[in-house]
Amino acid sequence: MTATATLTLLPLGLLVGAAEFAVCGLLSTIVVGAVRREPVDESNWLALVHSDVLGPGRDLARRRSWPLVVAALVLFGLVHEVLLRFGAFTLAGGGALAVPVSVGLSLLVVVVPVRDRGVEARCVAAVVGAITGTVHAVLYASERSVWPLALAEGAFLVLGTG
């Protein structure tokens with residue numbers, strides 16, 4: 001992929017990250033309401049933002065300046081996507097199993113850190129893993145570039161810690 005083609009994908013990455021955050025936020029709120037068996041209201045609204053899934057990003061944002069936090073989160077997204085997406089597609093040989101393998105690994109990576117934090121945390125993590133895993137796997141399968149994915153993940157995390 002050329003540098004020009006990669007640059008044109010960067011705004012897409014930011015839009016994808018914001019859209020993922022919105023969809024995951026809404027679905028997480030609905031899921032938490034169902035787990036608690038209560039209607040969606042101000043006590044469980046934006047469940048994603050208050051979840052353990054985004055806890056490390058919130059902790060970082062409290063201790064460091066915003067430019068450093070944004071850079072760290074985008075760098076985290078880049079490392080995560082290089083290891084996860086590139087690794088999954090290499091493992092699956094880029095064939096028909098590449099997307100399901102990638103989505104499965106995304107679910108694993110997001111759910112395992114919160115496995116002992118209760119059913120709510122696991123449900124929110126499953127929503128995040130399923131949505132972002134699917135979107136990132138399909139985007140990587142079509143574009144073969146981790147740069148927009150890194151920005152998408154960075155945007156997602158920045159919106160969740162803001």
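The values are calculated or read from the model by the stated rules, or taken from the named source; none is laboratory data. Because the structure is predicted, anything quoted here is derived from the model rather than measured. Cβ sites come from the backbone with ideal geometry, for glycine too, and all protein chains shown count toward neighbours. Each accessible area value is taken on the protein alone, full model and side chains, heavy atoms only, with ligands, DNA and RNA left out. Shrake-Rupley method; radii C 1.70, N 1.55, O 1.52, S 1.80 Å.
I need a count of the residues in the range 13-47 that are in contact (Cβ under 8 Å) with a residue 12 or more places away in the chain, within 20 Å of Val110 (Cα to Cα) and either open to solvent by 60 Å² or more (accessible area, probe 1.4 Å) or part of a loop (DSSP other than H, G, I, E, B) (or both).
Of the residues in the range 13-47, 4 are in contact (Cβ under 8 Å) with a residue 12 or more places away in the chain, within 20 Å of Val110 (Cα to Cα) and either open to solvent by 60 Å² or more (accessible area, probe 1.4 Å) or part of a loop (DSSP other than H, G, I, E, B) (or both).
What pairs come up if the first residue lies in the range 79-107 and is farther than 14 Å from Arg144 by Cα, the second is part of a helix (DSSP H, G or I) and among the polar types (S, T, N, Q), and their beta carbons are under 6 Å apart, counting only those six or more places apart or on different chains?
Sorted first by the residue in the range 79-107, then by its partner, the pairs are Val103/Thr134.
When the residues of the range 48-63 are filtered to those that are aliphatic (A, V, I, L, M) and within 19 Å of Val114 (Cα to Cα), which remaining residue is surrounded by the most Cβ atoms within 10 Å (Cβ to Cβ)?
Looking at residues that are aliphatic (A, V, I, L, M) and within 19 Å of Val114 (Cα to Cα), I get Val53.
For the range 129-154, name all the residues that are of a type in the set (Gly, Ala, Ser), closer than 21 Å to Ala47 by Cβ and surrounded by fewer than 19 Cβ atoms within 10 Å (Cβ to Cβ). Steps first, please.
Here is the first cut: in the range 129-154, the ones of a type in the set (Gly, Ala, Ser) are 129-130, 133, 137, 141-142, 145, 150, 152, 154.
Those still in the list that are closer than 21 Å to Ala47 by Cβ too: 129-130, 133, 152.
The one that is of a type in the set (Gly, Ala, Ser), closer than 21 Å to Ala47 by Cβ and surrounded by fewer than 19 Cβ atoms within 10 Å (Cβ to Cβ): Ala130.
Do any residues in the range 133-148 that are within 17 Å of Gly87 (Cβ to Cβ) have Cβ atoms under 7 Å from those of residues that are open to solvent by 60 Å² or more (accessible area, probe 1.4 Å) and assigned to a loop (DSSP other than H, G, I, E, B), where the two are at least six apart or on different chains, and which pairs are they?
Final answer for the pair search is Arg144/Met1; Ser145/Met1.
Looking at (1) open to solvent by 30 Å² or more (accessible area, probe 1.4 Å); (2) within 28 Å of Thr29 (Cα to Cα); (3) at pLDDT below 85; (4) of a type in the set (Gly, Ala, Ser), can you tell me which one Ala126 breaks?
(3)
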